Amino acid sequence: MILKAKTNDEGFSTGQKLPISSVGAALGVLCIAAGAAVTLTGGQRAPAYVGVVYLMFAVKVADQWEKVAVLRLGRYTGLRGPGWFHIVPIVESLSRYVDQRVRVASVSAESTLTRDTVPVNVDAILFWVVWNAEKSILEVEDFSRAITLSAQTALRESIGRHELAQLITERETLGRELQRILDEKTNPWGITVQSVEIRDVRIPRELEDSMSRQAQAERERQARNILGQAETEIADKFSQAAATYQDNPVALHLRAMNMLYEAIKERGSMVIVPSTAVETMGLGGSLAAVALAGKTPQ
């Protein structure tokens, strides 16, 4: 006989097993066989049937990772499991079976506005575990659904407190914040939220194009700022050079002569210099010497 746990619409195991366990069914089959043997030998059939029904409903089994609460006439008496255990039918009943393994839940927040009024769709996953089965059974009706809805609400609230850039670049920080908020809420239920991971942050396509243009404009603005800063530094250097030449006319003349030399040292070049500049810097003799040097045979 195959016994399966029921699941709700969100895929979580509700922990409710069938009233008859596999062990109880096996013992029932043995009792039927024993009753048939007794009947063939002339014994009474009724006690065997009573034993079959009793064992099928009294013997229960919890898996290695499961716990279950026993209620006697509606009052909590204790936890059972893992392994097989015995209850008194009708007098005692079982709560839902609690899976104490690490479990995962997927939550999403669709079209939620960030702090800078940008609509985003955020997907996250959270890992949680039941560390106190007694509290989770007695304190919460459906803790799986409660955790999912709480995580969804906390995710929406956290998105509203952050800007889009923070959601994209600081996912780990957002995940730790959500984990702290959820853990404070679920600890009284005997449940610990181990971690929350932001899986995806999606924005509308038209907004992606706008952000791309904005980023391009920002890069162009930075380039222009760098160019302007370079021009400012060059102007400062020229200003310092001008102050130096103003107080030292000889240095200015030497600089002018060097510029002329650089201009005329290439063959075929022509430089027109005002006569006043020639007289002031005494360039007549220098230019003549250069011209003579050019005509001297090599």
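The values are calculated or read from the model by the stated rules, or taken from the named source; none is laboratory data. Remember, predicted model here, so these are calculated numbers, not experimental data. Virtual Cβ from ideal backbone geometry, glycine too; neighbours counted across all protein chains shown.
Identify, from the list Glu172, Glu233, the residue that is assigned by TED's automatic domain parsing to the domain that holds Leu113 and outside any strand (DSSP E or B). Walk me through it before giving the result.
Working: Glu233 fails: assigned by TED's automatic domain parsing to the domain that holds Leu113.
Answer to the check: Glu172.
Only one of Ser158, Ser144 is in contact with a helix residue (DSSP H, G or I) (Cβ under 9 Å, 6 or more places away or on another chain) and of a type outside the set (A, V, I, L, M, F, W, C); which? Even if it seems obvious, please write down each step before you answer.
Working: Ser144 fails: in contact with a helix residue (DSSP H, G or I) (Cβ under 9 Å, 6 or more places away or on another chain).
So the residue among Ser158, Ser144 that is in contact with a helix residue (DSSP H, G or I) (Cβ under 9 Å, 6 or more places away or on another chain) and of a type outside the set (A, V, I, L, M, F, W, C) is Ser158.
On the basis of being closer than 16 Å to Val107 by Cα, in a helix (DSSP H, G or I) and in contact (Cβ under 8 Å) with a residue 24 or more places away in the chain, does Leu178 make the cut? Walk me through how you get there before you give the answer.
Values: closer than 16 Å to Val107 by Cα: yes; in a helix (DSSP H, G or I): yes; in contact (Cβ under 8 Å) with a residue 24 or more places away in the chain: yes.
Yes, satisfied.
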Practice problem: Report yes if some residue within segment 159-167 is at pLDDT 85 or above, closer than 23 Å to Ala124 by Cβ, part of a helix (DSSP H, G or I) and small (Gly, Ala, Ser); otherwise report no. | Solution: yes
Quiz item: Of all residues in segment 151-205 being of a type in the set (A, V, I, L, M) and surrounded by fewer than 16 Cβ atoms within 10 Å (Cβ to Cβ), which is farthest from Val118 (Cα to Cα)?
Solution: Ile168
Quiz item: Hey, among Arg101, Arg75, which residue is over 35 Å from the mean Cα position of the chain (by Cα) and surrounded by fewer than 12 Cβ atoms within 10 Å (Cβ to Cβ)?
Solution: Arg75
Practice problem: Can you work out which of the residues in segment 109-138 that are loosely packed, with under 15 Cβ neighbours inside 10 Å and free of Cβ contacts under 8 Å to residues at least 60 places away in the same chain is nearest to Leu79 (Cα to Cα)? | Solution: Glu110
Quiz item: In this structure, does Arg96 turn out to be at pLDDT below 90, assigned to a loop (DSSP other than H, G, I, E, B) and within 46 Å of the chain's Cα centre (by Cα)?
Solution: yes
